[in-house]
Amino acid sequence: MNIILLGPPGAGKGTQARRLVEERGMVQLSTGDMLRDARTSGTEMGKKVAAIMDAGELVTDEIVIGLIDEKLHQSTGGGFIFDGFPRTLGQADALDALLARNGQSLDHVIAMEVNDDALVSRITARSTCAKCGEVYNDITKPIPSDGKCTVCGGTEFKRRADDNEESLRTRLMEYYKKTSPLIGYYHAKGQLRWVPGLGEIDEVAGSIAKILG
Ligand code: AMP
């Protein structure tokens, strides 16, 4: 089964994707993670996209489509979760074509419904374990007082450079201008499913599980 998790920054796409990886053996394809890896390893492409990402703007379709194309050849037991991709209509068309080329298709597009105030407070309070990527929140899920990640025991935590109010404003505008048209696109194709994204992590996971069966 191949699915897209669709929603604005901070909607919880990454958190839910991690659960689906653990519970269903799916493979998470996050273009944001791939781009951050390219920056850390200092590739030419990584250097090219750094300023764009920090400003909260979208990198070109060509770059992210290329990243996804490289990953689609691997075989997965549970299928792919596209997390943060596609973000434009051009990317959505390209994804259809890439999947078709590999004899695959999309099963569901899960749109996570949230409101902007919740996004701002979630994102500005967000940190992740540097070792395993577990997501923490200063208010709702603080880093344990012993300073150790509850999942892997890691002791280093990081905040994303673009998780600040100014970048977030741009990221939200980019979402509404360029990504939200995908809601109409997938609705028209009969693939769109809504889940309320504001509940507890387990509740949201339950709503997604009902759709996936
Ligand atoms: P994310 O981790 O998904 O929030 O992505 C972080 C940043 O990476 C975004 O603000 C964009 O600058 C860039 N990015 C990630 N995925 C895409 C995509 N599909 N299209 C364009 N830019 C992307």
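Tabulated results
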{"read-out": "Carbon and sulfur %, accessible surface of the chain computed with the full protein complex present, 1.4 Å", "value": "51"}
{"read-out": "1.4 Å probe accessible area per residue over the chain, in Å²", "value": "50"}
{"read-out": "Stokes-Einstein D for the stretch 118-213, Kirkwood Rh over Cα pairs, 4 °C, 1.567 mPa s (µm²/s)", "value": "82"}
{"read-out": "Label point distance in nm, Met1-Ile139, each placed 7 Å from Cα along Cα→Cβ", "value": "3.3"}
{"read-out": "Cβ-defined net charge surrounding Glu156, 11 Å radius [Lys, Arg +1; Asp, Glu -1]", "value": "+3"}
{"read-out": "Dipole magnitude of the chain, debye to nearest 20 (Cβ charges: Lys/Arg +1, Asp/Glu -1, about Cα centre)", "value": "160"}
{"read-out": "Ratio Rg/Rh, restricted to the stretch 24-108 and using Cα atoms, in which Rh is the Kirkwood radius", "value": "0.97"}
{"read-out": "Two-site FRET efficiency, Ala130 against Ala188, from Cβ-Cβ distance with R₀ of 45 Å, rounded to 0.05", "value": "0.65"}
{"read-out": "Relative contact order for the stretch 22-178, counting Cα pairs under 8 Å that sit 6 or more residues apart, in percent", "value": "25"}
{"read-out": "Modelled FRET efficiency - R0 30 Å, Thr150 with Val120, Cβ distances, 0.05 increments", "value": "0.75"}
{"read-out": "For the chain, radius of gyration divided by Kirkwood radius, i.e. Rg to Rh on alpha-carbons", "value": "0.94"}
{"read-out": "DSSP-assigned coil residues among trypsin sites (Lys or Arg not before Pro) in the stretch 60-112, each with at most 16 further Cβ atoms within 10 Å", "value": "none"}
{"read-out": "Rg/Rh for the stretch 63-151, where both radii come from Cα atoms and Rh is the Kirkwood radius", "value": "1.07"}
{"read-out": "Full-extension gain in nm, Asp202 to Ala161, via 0.36 nm per residue minus C-alpha separation", "value": "12.0 nm"}
{"read-out": "Integer Hz, Karplus 6.51/-1.76/1.60 couplings in order for the stretch 110-126, x for Gly and Pro", "value": "9, 9, 9, 8, 9, 10, 4, 4, 5, 5, 4, 6, 5, 6, 6, 9, 8"}
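The values are calculated or read from the model by the stated rules, or taken from the named source; none is laboratory data. It should be emphasised that the depicted structure is a prediction, and the values quoted were computed from it without experimental measurement. Cβ sites come from the backbone with ideal geometry, for glycine too, and all protein chains shown count toward neighbours. We work out accessible area using only protein heavy atoms, side chains counted, and drop any ligands, DNA or RNA first. Shrake-Rupley method; radii C 1.70, N 1.55, O 1.52, S 1.80 Å.
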